[in-house]
Structures are given as C-alpha cells and as structure tokens.
Amino acid sequence: MSDNTPKRTLPDRLDSPLKAAFYSWPSLLLAVAIAIFIINSFASPYFLSPWALSDATFNFTEKAVIALAMALLIISGEIDISVAGIIAISSTMMGVALQFGADTPTLVAVGMLTGLICGAFNGALVTKLGLPSIVVTIGTMSLFRGISFIILGDQAYKGYPESFAFFGQGYVYWVISFEFVLFLGLALVYYILLHKTNFGRYIYAIGNNPIAAQFSGVRVARVKFVLFCLTGIMAGVAAVLLTSRLGSTRPSIARGWELEVITMVVLGGINILGGSGTIQGTVIAAFIMGLVTFGLGLLNVPGIVMSIIIGALLIGVIALPTLLNMLRDRLKQ
Amino acid sequence: MATPKLTLQNICKSFPGVKALDGVSLELYAGQVTALIGENGAGKSTLVKVLTGIYQPEQGQISIDGTSIKLATAHDAFGHGITAIHQETVLFDELSVAENIYLGHAPKTKWRTINWREMRKAARIILDEMGAQHIDQNTQLKELGIANKHLVAVARAMSIDAQIVIMDEPTAALSHKEIEDLFTLINHLKSQGKAILFISHKFDEIYRIADRFTVYRDGQMVGSGLVSETKQTEIIQLMVGRAVDQIFPHRKTQLGDTILKVENLNHPTEFANINFDLKKGEILGFYGLVGAGRSEVMQALFGITKTSSGKITLNGKTITPKSPADAIKAGIVYVPEERGTQGVVTDMPIFQNVSLPSLRKTSRGNFIKMAEEFKLAREFTSRLDLRASSLSQPAGTLSGGNQQKIVIAKWLATNPDVIILDEPTKGIDIGSKAAVHEFMAELVEQGLSVIMVSSELPEIMGMSDRIVVMNEGHIIKIIKNNADLTPEKMLVIASGMDETNQAGDAA
C-alpha cells in the first residue's frame with residue numbers, strides 16, 4: 001500500500017486446478033462409488049452381468065433426472081418438495097389425455113407441460129409473493145397429488161400405446177436403455193448450464209448472497225423462477241419415463257420420491273443452505289444410490305432395511321470429511 | 001507500574017496464504033483503557049477472535065494475572081471474565097433486554113427454572129448503575145437502536161463481572177451524543193477496575209479515552225506506549241510505516257456538461273422533492289445526519305427503492321431504473337454502505353466477484369470464459385492495489401478495506417458514467433482511506449462523475465466540488481465548496497437551523 005512499491009498483479013490461483021479437483025468432494029464420492037461397486041461384485045455373482053447392471057440403472061435414473069434440476073435450485077438457496085406431487089399430477093394428466101385419444105407425442109408434451117405449469121406455479125408463489133419455498137412446496141406437494149386423487153380416486157389409467165412404452169422400457173443399443181442415455185445427456189446439459197454459463201454463475205452468486213447478487217445486477221427473481229420451471233419440467237420428464245415404464249397411472253405414483261431426490265443432491269455435496277456444489281457430485285451420488293439399492297436388492301434385503309442403510313450411508317458420507325480431519329488432527333498431536 | 005491484568009505473548013495465527021498474526025503481544029491493565037490501533041488487515045479482528053476463544057492460535061501464551069490460560073472455546077473466554085462488544089453487536093433481537101443480559105447465566109429458582117422476577121430485577125439494577133435509566137429491561141432488543149444495544153452488551157459484561165472488556169469499534173455507528181454517553185460509561189468501567197481494550201480508527205476518540213496504545217501492522221506489533229506521551233503523527237507513522245499526508249488529493253476540477261439530472265423525485269415516506277444535477281467530472285457530496293434519506297435517494301437512482309414520482313435523466317435520456325440491472329445498463333453503479341452483506345459475495349473468489357456484473361462482456365454467447373474473467377480481475381485489482389494471496393481467494397477472507405476495493409473494482413470494470421459511493425471510507429483505516437480518496441480524484445480526472453454520500457465532514461469538504469445537504473428527506477441546500485465554507489457553517493445547515501434556508505419548509 002505504500003507509494004514506493006510498484007503496483008502488484010495478483011496470481012490467478014495458488015493451487016493448480018488439477019490438485020483442487022483431486023481434493024474435491026466429487027473425487028471422494030467417486031472413490032466411495034468404486035468401493036461400493038467392488039463390494040457388490042464380490043457380494044453377488046449376478047452383479048457383474050451387463051443386463052443386471054443395465055437393470056440397476058432403472059433404479060435411479062428417473063429420480064436422478066429430477067436431482068439435476070433440484071441441485072441447481074438448492075444451490076440458489078431454494079428447494080422444491082413438491083416434485084413427487086408433480087409426477088403424480090403429470091402422470092394423471094397424461095392419463096386424461098389418453099382418454100381423449102392422444103397419441104404418443106401428445107402424451108409426452110402433456111406430461112412435460114403439466115410439469116412446467118406446476119413449476120411455474122411454485123416459482124410464482126416464491127418469487128412474486130416472496131414466500132419461503134419450503135413452505136410453498138410442502139403445500140403444493142399435497143395440492144398436486146390431491147388433484148390426481150380427485151381425478152382418479154382408486155382407479156388407474158391403463159392402456160398406454162405401444163410406442164409410448166419405449167421411453168421407460170426401450171433400449172437404444174444392446175443393454176443401454178433410453179432412460180440411461182437420456183439421463184447422461186441431461187447431466188451433460190446441466191453440467192454445462194451450471195458450470196460453463198453466466199446463468200450458472202448467477203445461481204452460485206444468488207445462493208451465497210442474494211442481496212449482493214441483486215446489487216450486482218443479477219435478476220434474482222427471474223433466475224429463481226426459471227429454476228423452479230426447470231425443476232417442474234424435469235419432474236414432468238420423470239413422470240413420462242415412470243408412466244411409460246409402469247404402463248399405468250395411479251395417484252400414489254412416485255410417493256416419497258422427493259426425499260430420495262433431495263438425498264441424492266445432498267449426498268452429491270450440494271450445500272443444503274445453498275451456494276456450493278457440483279453436477280458431477282450429484283451424478284456420482286445418483287450412481288451410488290442406484291448401486292447400493294440394486295446390490296442390496298440382489299442380496300434380498302427388504303425395503304425397510306434398505307432405507308435404513310441409505311440413511312446411514314448419507315450421514316456417513318457427509319460426515320466423512322469431518323471425520324478424516326479429526327483423524328488427521330489426532331495423528332498430528 | 002502495576003503488572004498487567006492480561007498478557008498475550010508471541011501469538012501466531014495463520015490462514016491459507018495469510019499470516020494474520022505473526023508473534024504479536026498485548027498487555028491490558030486493570031482500570032485502564034488500551035487502544036489497539038492498526039490499518040485494516042493489521043490483525044486486530046483476528047486478535048479479538050483469539051481473545052474470545054473463537055480462533056485458536058498456533059503459538060503463543062495468554063495469561064491472566066500471571067497465570068497461563070487456554071481459551072479453547074467462547075465459553076472458556078466467558079469463564080475467564082473476557083467479554084467483547086463487537087462492531088455489529090452480537091445479541092438476540094427477539095429476546096428481551098433482561099434475557100440478553102443474563103443469557104447463559106440467568107438466576108435460577110429452586111426448580112432449576114429461570115427466576116424471571118429475579119432476572120428482571122438484577123437487570124434493572126445493572127442498567128441503572130450504568131446510567132441507562134432510559135432502557136426498559138422488558139423491551140425486545142430489536143426495538144432498541146444500535147447505541148442502546150451497545151449499552152445492553154456492556155450490561156451483559158457487567159452481569160458476569162467481566163474483568164476484561166473488549167470494544168471493537170463501538171463508536172462506528174453512533175451519533176455524537178451517543179459516543180459521549182459511551183465514554184461516560186467507559187470511565188465508569190475504568191473506575192471499577194476493568195481492563196478495557198478499545199479498538200477504533202478515530203484518533204480524537206483514542207486521545208480522549210485511552211491511557212495506552214498498541215499498534216499492529218501486517219500482523220506484527222510495531223509499537224506501544226502511553227497515549228499522553230505520544231504524538232498522533234508518531235502513532236500514524238507506526239501504523240502505516242511511513243508518514244501520511246493527511247491532506248486530501250489536489251486535483252484540477254474540469255466540469256463538463258450535465259450528465260445526470262434528477263427532477264422532483266419523491267418517495268411515499270423516505271424523501272420528497274429531490275432536485276439536483278451532476279456534471280461530468282464532478283464529485284458531488286451528499287451530507288446530512290444519519291437518517292436524512294441520502295442512501296434512500298441513491299438506492300432509488302440504482303433501482304432498489306421504488307419512487308412514487310419524479311424524473312431521472314442520464315446523458316439526455318430519461319431513465320426509469322426498476323432494478324439494479326437496469327441502472328447498471330444505463331451506466332449508474334452503486335457502492336453500498338454495507339460491504340459484507342450488499343457489496344461482495346463473500347464465499348465467491350475475488351475474480352468472480354469482480355466479473356459478476358460484467359459477465360456479458362467476459363463471456364461469449366453466455367458461455368463463461370474464465371481466462372477473460374481473470375484478465376479483467378487482474379487489471380482492475382492491480383489498479384486498486386488489492387492485497388490478497390491470489391485472485392481465487394474467497395472475497396470474505398479479506399479485510400474490510402480490501403473488500404471495498406473489490407466492490408469498486410467490480411464497478412469500474414462495467415465502465416460506468418456515474419459511480420455512487422455510499423460512505424466509501426466508513427470503518428476503514430487511514431491508509432486505505434487515502435487510497436480511496438486518491439482513486440476518486442483519479443476517476444473524475446478521467447471524466448467519470450462521482451456521487452459521494454458521507455457523514456464525515458472532513459471527507460465531504462475535502463473531496464466535493466459541490467455539497468448537497470439533506471435533512472429529514474429533503475434537500476436543504478446545494479452549496480459550492482469553496483474557501484468560505486467552514487465545518488461550523490455546514491453543521492448549522494445540516495441540522496436545519498440555517499436562517500437563509502431556501503428550500504424552506506417543504507414538509
């Protein structure tokens with residue numbers, strides 16, 4: 001700061017990006033995923049067959065598709081609890097359209113459009129009225145599913161066209177399912193959106209400090225609204241995939257999924273309070289959850305036990321960095 | 001001289017890339033006020049956190065009355081009778097005054113529940129003793145102003161019979177009268193034998209209240225002594241490591257055409273009938289007491305506060321900024337008073353903070369180009385002589401003065417026409433202050449126009465070409481700054497007592 005020293009130029013960074021990536025959360029997750037993969041392949045002789053692995057992907061791709069958009073929403077400091085409710089209403093609307101003789105493209109459009117409308121409804125309540133998103137979406141969670149209960153009662157829509165089955169049951173090549181390819185494609189799109197565009201940067205800024213972001217010219221409400229819409233559309237896409245896979249619509253469809261989606265996001269290293277996290281982490285977390293549930297399924301572990309293990313896994317992985325730090329401090333002393 | 005109450009020796013504390021405290025020491029004496037002086041980033045705040053058990057030093061010794069102690073947690077510090085009153089007081093808005101005073105050590109009934117009556121009574125006694133008769137122990141804290149909150153914090157210190165009281169810039173947000181009250185209270189604490197650490201940037205305060213001083217620079221102790229035996233210039237020299245020219249930068253004022261014209265701007269409650277213009281290359285000072293509506297007018301220009309009527313013309317075009325994004329696009333930028341909450345995104349790296357409003361320029365077709373961002377950040381941070389270890393360091397890890405530089409760098413990168421600075425040097429040290437002033441002079445010489453809101457008279461009178469004086473939401477007068485203008489005159493006008501008052505009783 002003194003006058004006689006020349007003005008200095010700051011270095012861009014101290015650590016190389018490669019080194020930073022090595023010590024990042026996704027790297028740790030990747031190690032966990034590989035460990036689970038190896039354990040699974042020893043635990044069950046059926047695990048390593050291509051078809052078994054392909055089946056495993058169906059366990060998580062639909063939820064993971066929503067998790068991609070949810071990750072962005074949570075980074076921005078908001079949340080959407082109503083995604084499973086959106087699946088229910090989207091699927092129901094597709095069923096209604098089916099009754100009017102809609103063809104496959106129309107069904108897909110109806111599913112995604114319903115999702116978009118629901119997301120926009122959430123987004124408008126949050127950004128226009130300034131209500132907290134957790135309250136709004138707990139409300140709309142019941143609202144959306146309630147509507148499908150009113151329309152369907154204890155009935156179910158069946159008889160979706162043959163061509164519609166492709167989305168949830170079709171294979172693109174050999175054992176590679178359409179769902180899986182779609183998920184990977186969307187993951188790439190969301191990776192670019194979050195990490196490579198201005199829009200993604202705005203999301204981080206908003207999640208860290210919405211006021212400073214607004215004061216820096218970021219249109220905070222608009223960005224958040226778009227994120228709610230994206231989450232709605234992704235729930236609509238998940239509704240198309242799930243309805244197609246099941247071949248029917250019941251009002252209880254996808255019940256409880258919101259927690260699994262949020263678990264994926266949190267396990268993926270996204271700060272539940274907003275501001276940090278990556279798509280890579282979310283994608284790996286989705287694989288981890290898929291591998292664990294599928295592995296346990298092969299071992300005939302009942303569903304209740306499975307959810308206990310998933311819960312323990314979540315807490316364990318989240319606590320891992322803290323535990324490692326404590327261990328390191330202990331060793332230093 | 002007596003032995004010190006509290007002694008710190010050879011304290012070291014580092015953060016990634018920065019050595020915040022590098023073997024510093026400090027002595028506090030019972031019944032005396034020791035002023036801790038240093039520029040932003042000298043390590044004062046870190047030291048306070050070490051003393052209050054929030055940070056653990058890697059090295060060094062802390063002792064009270066000659067016995068070595070360890071402050072592993074905030075609770076430890078509390079137990080050793082150390083208490084701190086912070087810049088932004090850390091109390092609980094939703095709790096009552098009495099609860100705030102006795103939180104954690106409330107008197108109990110025999111059933112181990114809180115004895116509310118006893119607690120209120122005890123709180124009353126402490127407040128009365130301090131001369132704070134006007135504070136009701138039953139009001140919610142949020143009802144109180146910042147000055148009274150400080151008093152509650154002091155009352156809390158008294159309630160645990162704290163022997164060591166740390167005051168971290170307690171006067172930063174106080175009015176003249178409130179500062180007087182605080183000093184009376186400090187003298188009261190002194191007479192009770194408390195050892196007080198007083199952190200302030202204001203030399204008049206230090207000379208009035210402190211007995212001793214200790215100066216830190218870049219994480220090291222560079223001097224200490226008795227205030228009465230040391231000249232102010234000597235202390236300043238210790239602080240910055242060189243003699244500081246306290247005169248404001250000279251500049252050739254070359255006013256151009258009117259760039260910004262504000263006509264009849266109104267707000268339902270905060271301000272009314274605001275008329276002024278700003279010329280190219282001008283520094284227009286906005287002076288007034290806290291609450292005069294200056295920041296609100298600025299925020300209206302920046303699209304944050306909605307106006308009820310009025311016309312804003314920039315470069316001959318009428319603009320209606322509905323959001324900061326609109327204002328920035330038009331060419332008006334705003335450096336807010338609250339750096340930490342409104343200025344920087346603390347967890348984001350420096351370069352991303354700088355590029356945030358300019359992303360459209362540094363990206364191609366909305367795709368981030370990080371190399372361009374680094375280039376932009378490098379250019380503007382070096383122009384402002386930012387001090388950091390790298391451009392990837394989170395902005396929040398820097399000192400207040402350096403955070404301010406990031407905010408200014410961020411705006412300059414947008415190439416604005418008008419830059420509004422709201423209390424640009426509030427809470428930053430002399431060295432950084434001079435740098436900001438020099439920089440402002442440089443900006444207007446390059447043809448930028450500056451609006452500067454400030455409550456500091458020397459700054460207003462030292463920097464402005466013209467001064468807009470506001471009081472209670474109205475412009476009282478717009479004065480040309482020349483040799484005839486004295487601080488006394490300014491104060492008279494600002495308080496609304498000027499007889500030649502022309503805007504008159506617009507209310």
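Numbers below:
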{"read-out": "Proximal lysines to B:LYS108, defined as alpha-carbon separation beneath 22 angstrom and excluding residues fewer than eight positions away on the same chain", "value": "B:LYS121"}
{"read-out": "For B:LYS317, solvent-accessible area (1.4 Å; no DNA, RNA or ligand), Å²", "value": "140"}
{"read-out": "Solvent-accessible surface ranking, highest first, for A:THR9, A:THR57, A:THR293 at 1.4 angstrom", "value": "A:THR9, A:THR293, A:THR57"}
{"read-out": "Interface A:B - total buried accessible surface [probe 1.4 Å, Å², rounded to 100]", "value": "3500"}
{"read-out": "Residue-averaged [θ]222 nm for chain B, counting only DSSP H segments that reach four residues, each worth -39500 (n - 2.57)", "value": "-9500 deg cm²/dmol"}
{"read-out": "Per-residue mean of C-beta atoms belonging to partner chains within 10 Å, peptide B:344-352", "value": "6"}
{"read-out": "Relative contact order (percent, whole number), chain A, Cα cutoff 8 Å, 6+ residue spacing", "value": "33"}
{"read-out": "Calculated from backbone phi, Karplus (6.51, -1.76, 1.60) coupling profile of segment B:195-211 in Hz, x at Gly/Pro", "value": "8, 10, 9, 10, 10, 7, 9, 9, 5, 4, 5, 4, 5, 7, 10, 8, 9"}
{"read-out": "B:GLU178, B:GLU379, B:GLU488, ranked by accessible area, largest first (probe 1.4 Å)", "value": "B:GLU488, B:GLU379, B:GLU178"}
{"read-out": "Chain A: angle of helix A:279-298 to the longest principal axis, Cα-based, in degrees nearest 10", "value": "50"}
{"read-out": "Greater than 20 Å apart at Cα, pairs in B:LYS49/B:LYS142; A:LYS19/B:LYS49; B:LYS369/B:LYS410; B:LYS329/B:LYS361; A:LYS224/B:LYS142; B:LYS142/B:LYS190", "value": "B:LYS49/B:LYS142; A:LYS19/B:LYS49; A:LYS224/B:LYS142; B:LYS142/B:LYS190"}
{"read-out": "Packing-based order for B:126-135, A:197-206, A:110-119, using average beta carbon neighbours within 10 Å, highest first", "value": "A:110-119, A:197-206, B:126-135"}
{"read-out": "Relative contact order %, segment B:338-415, counting alpha carbon pairs below 8 Å whose residues are six or more apart", "value": "46"}
{"read-out": "Accessible surface of segment A:47-169, 1.4 Å probe, proportion on carbon and sulfur as whole %", "value": "70"}
{"read-out": "5 angstrom amide H check on B:PHE286, placed H, neighbours 5+ away", "value": "B:MET452, B:VAL453, B:SER454, B:VAL468"}
{"read-out": "In sequence order, calculated HN-Hα J values of segment B:471-477 (Karplus, 6.51, -1.76, 1.60; Hz; x Gly/Pro)", "value": "8, 6, x, 10, 7, 7, 6"}
{"read-out": "Chain B: relative contact order as a whole-number percent, Cα under 8 Å and 6+ apart", "value": "15"}
{"read-out": "Segment B:338-415 - accessible surface per residue (Å², probe 1.4 Å)", "value": "36"}
{"read-out": "Placed amide H near B:ARG217: partners under 5 Å, 5+ positions off or other chain", "value": "B:VAL222"}
{"read-out": "GNM result for chain A, Cα springs below 10 Å: residue of A:THR322, A:THR263, A:THR231 fluctuating most strongly", "value": "A:THR322"}
{"read-out": "Ranked order, B:TYR55, A:TYR190 - accessible area, probe 1.4 Å, largest first", "value": "B:TYR55, A:TYR190"}
{"read-out": "Value of [θ]222 nm, deg cm²/dmol, for chain A, DSSP H segments ≥ 4, -39500 (n - 2.57) each, nearest 500", "value": "-23500 deg cm²/dmol"}
{"read-out": "Peptide A:201-213 - average C-beta neighbours from other chains (10 Å radius)", "value": "6"}
{"read-out": "Nonlocal amide H pairs with B:ILE259, under 5 Å, H built at 1.01 Å", "value": "B:LEU278, B:LYS279, B:LYS280"}
{"read-out": "Shielding by other protein chains, A:227-236, mean Cβ within 10 Å", "value": "0"}
{"read-out": "Heavy-atom accessible surface of chain B: percent carbon and sulfur, 1.4 Å", "value": "49"}
{"read-out": "Karplus-derived HN-Hα couplings along segment B:93-105 (A = 6.51, B = -1.76, C = 1.60, θ = phi - 60°), whole Hz, x at Gly and Pro", "value": "4, 7, 9, 6, 4, 4, 5, 4, 5, 9, 4, x, 9"}
{"read-out": "Residue pairs, from the table B:LYS261/B:LYS480; B:LYS279/B:LYS311; B:LYS202/B:LYS231; A:LYS128/B:LYS311, whose Cα atoms sit over 20 Å apart", "value": "A:LYS128/B:LYS311"}
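The values are calculated or read from the model by the stated rules, or taken from the named source; none is laboratory data. This is a predicted model, so every value here is computed, not measured. Counting neighbours? That spans all protein chains shown, and the Cβs are built from the backbone with ideal geometry, glycine included. To get the accessible areas, we keep the full protein, side chains included, count just its heavy atoms, and leave off ligands, DNA and RNA. Shrake-Rupley method; radii C 1.70, N 1.55, O 1.52, S 1.80 Å.
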